[in-house]
Amino acid sequence: MKPGKAIATLGGAAVIVLTCALICWSFYGVDFQLQGLSVGIPKAGAYVAQMFPRSRADFLWIKQFCFGGGGGDASTGITQPLLETIQMAVVGTVLGAIPAFPLSFIAARTNSFFRPLSVLFKTLLNIGRAIPILVYAMIIITGLGLGKQTGAVAIGIGSFVMLCKLYAEALESVSPGPVEAVKAAGGNGLQVFVFAMLPQVFPGYLSSTLYSLELNLQASFILGLVGAGGIGFELQDALRIYNMLEVGVLVLVLIILVNLVDYFSYRVRVIFS
Amino acid sequence: MTSNIMQISNLTHRYGRGAPVLQGLNLSASPGEIIGLIGLSGAGKSTLLRCINGLVTPTGGTVEVFGQNVPKLRESQRRRVRRRIGMIFQEFNLVDRLSVIKNVLVGRLGYANTLTSCLHLFSKLDMDLARSCISQVGLDGYEDVIVRNLSGGQKQRVAIARTMAQGAEIILGDEATANLDVRTTDSIMELLQDLSRKNNTLLLLSMHNLDVARRYCPRIIGLKHGVLTFDASAQSLDDSAVKEILVT
């Protein structure tokens, strides 16, 4: 065997051994026990079962909770918090997408900007992506206080760092041929972007933005748990008073919402691709 | 005698610190000429074409086109020169997601208002011209077809219509027929020949197919390692001349 090949084989074996060691160490670290699972899963199942309606009264409560009317603890309804969750996600996506669009040009490897500026900006984006949206929310709370606006701004920052990267990647994948052709026909920089680059990156931009909206719906749900409003806030309330039926409805509504956005994104992507 | 539309003197170019791609090249051409540019891959053909329309700034020498030294021009001035020079490419370089007419209208960008053109708004005059160019290349009825649905030959016709919409006085072809079959190559070359005849357009076409070069280009120039080693009529391109150009 040639020395180079032997080193490559040894290297490959070392990677496999290290990966196995990491997996074992992690399982050991989390005290993972199959015996514990066998007890825990049925318990969790029983807990989840409480989220499902079992009587006619439960169904009536859900109807009242979802569509309003009547009185009692269900009369506040789900409509308002649901709309708040959607609004936070939409505002956050817009706040992230608008600055990400021009600034992604700096982040793209194929840009003609000053190289160190591009590297610095990409580094900042990588740092920004490592910070969870919850941390942004905690920082913003100090300035804006608790509420929906804080949630929307925190989501906006999270969206911005993610979309900047995705938009930049779309720009990096632009085929240079049409760009050269528009330049060769006498087009200026803006015309090159509109006629040669935008038609190529638009489906990618759209797809990334819609994906971001999907993630932001989940983020706005989680931020609600820490007081930013929306159905997350309702969920926290329901968990506090141990109203498992309400928890079930809220989780179901989020699942439906995310899937509706997913379907809508798919249809839009099909139209534009 | 017809005056030169293009005069290249002592043209040299190298990319970064690499070996020179063009070395002291001299060339002149008149309106209406059809020139075949032959040479091996890496001989400097594409670089020469891009020095002519200012997409590449050479490291030395002069490239006078329409009486202006292109390398010395500012970008805005270069754009004004470029709009009079059409370019067609091996990969067509069309915007696949746009319609035929939008791709042809790209040829009018150098003349159009930036703001309105970026909103895809063109004057009736430009629209009529684009339709007429599409008709002249035999693509009547294809105006609204998305380019990615066309065949290679049709795409190259769209690219030629784009140069026609530019009102190009010079057309540079960068291996424009390399991806086309024999019949389509002939029809594209005939189209270009007609265009040159009707509008007195100078055609400078780089190509690998010597048979096509001999049949359609009355004048042939050969490049070898960035040096012009042959510049004569197609009849003079005998086997020994070909060997001289193509053997490393």
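The values are calculated or read from the model by the stated rules, or taken from the named source; none is laboratory data. Just so we're clear, the structure is a prediction, and the values are computed from it rather than from any experiment. All Cβ positions, even for glycine, are placed from backbone atoms using ideal geometry, and neighbour counts span all protein chains on display. Accessible surface is based on the protein model in full, side chains and every heavy atom, while ligands, DNA and RNA are left aside. Shrake-Rupley method; radii C 1.70, N 1.55, O 1.52, S 1.80 Å.
What the table below lists for this structure:
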| quantity | calculated |
| --- | --- |
| Elements of type strands (runs of 3 or more DSSP E) contained in region B:140-248, each with 1 or more residues being touching a helix residue (DSSP H, G or I) at 6+ places or on another chain (Cβ under 7 Å) and surrounded by 22 or more Cβ atoms within 10 Å (Cβ to Cβ) | B:170-174, B:202-206, B:219-224 |
| Residue check for A:Ser159: assigned by TED's automatic domain parsing to the domain that holds A:Ala219, of a type in the set (Ser, Thr, Tyr), out of contact with any Lys or Arg (no Cβ under 6 Å at 6 or more places or on another chain) and crowded, with 22+ Cβ neighbours inside 10 Å | yes |
| Enumeration of residues in region B:101-151 that are among the β-branched types (Val, Ile, Thr) and more than 14 Å from chain A (Cβ to nearest Cβ) | B:Ile134, B:Val137, B:Val145 |
| A:Ala184, sole failed condition from (1) within 22 Å of A:Ser208 (Cβ to Cβ); (2) free of Cβ contacts under 8 Å to residues at least 40 places away in the same chain | (1) |
| In region B:103-123, the residues that are within 20 Å of the chain's Cα centre (by Cα) and open to solvent by 10 Å² or more (accessible area, probe 1.4 Å) | B:Arg108, B:Gly110, B:Tyr111 |
| Of all residues in region A:173-184 being open to solvent by less than 30 Å² (accessible area, probe 1.4 Å) and closer than 19 Å to B:Asn53 by Cα, the one that is farthest from the other protein chains (Cβ to nearest Cβ) | A:Val179 |
| Residue that is open to solvent by less than 20 Å² (accessible area, probe 1.4 Å), assigned by TED's automatic domain parsing to the domain that holds A:Pro132 and not in a helix (DSSP H, G or I), where the choices are A:Gly187, A:Gly232 | A:Gly187 |
| Where a residue in region A:190-212 is within 7 Å of chain B (Cβ to nearest Cβ) and its partner, wherever it lies, is part of a helix (DSSP H, G or I) and of a type in the set (Val, Ile, Thr), with Cβ under 6 Å and at least six apart | A:Leu190/B:Thr114; A:Phe195/A:Val182; A:Phe195/B:Val106; A:Ala196/A:Val179; A:Ala196/A:Val182 |
| Residues located in region B:48-86, provided they are in contact with a helix residue (DSSP H, G or I) (Cβ under 8 Å, 6 or more places away or on another chain), within 12 Å of chain A (Cβ to nearest Cβ) and surrounded by fewer than 18 Cβ atoms within 10 Å (Cβ to Cβ) | B:Arg84 |
| Test result for A:Gln218, of a type outside the set (A, V, I, L, M, F, W, C) and either more than 30 Å from B:Cys118 (Cα to Cα) or outside the structural domain of A:Thr123 (by TED's automatic domain parsing) (or both) | yes |
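Yes or no, residue by residue, for (1) assigned to a helix (DSSP H, G or I); (2) touching a residue at least 24 places away in the same chain (Cβ under 8 Å); (3) open to solvent by 90 Å² or more (accessible area, probe 1.4 Å):
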position	(1), (2), (3)
A:Gly12	yes, no, no
A:Leu22	yes, no, yes
A:Ala46	yes, no, no
A:Gln87	yes, yes, yes
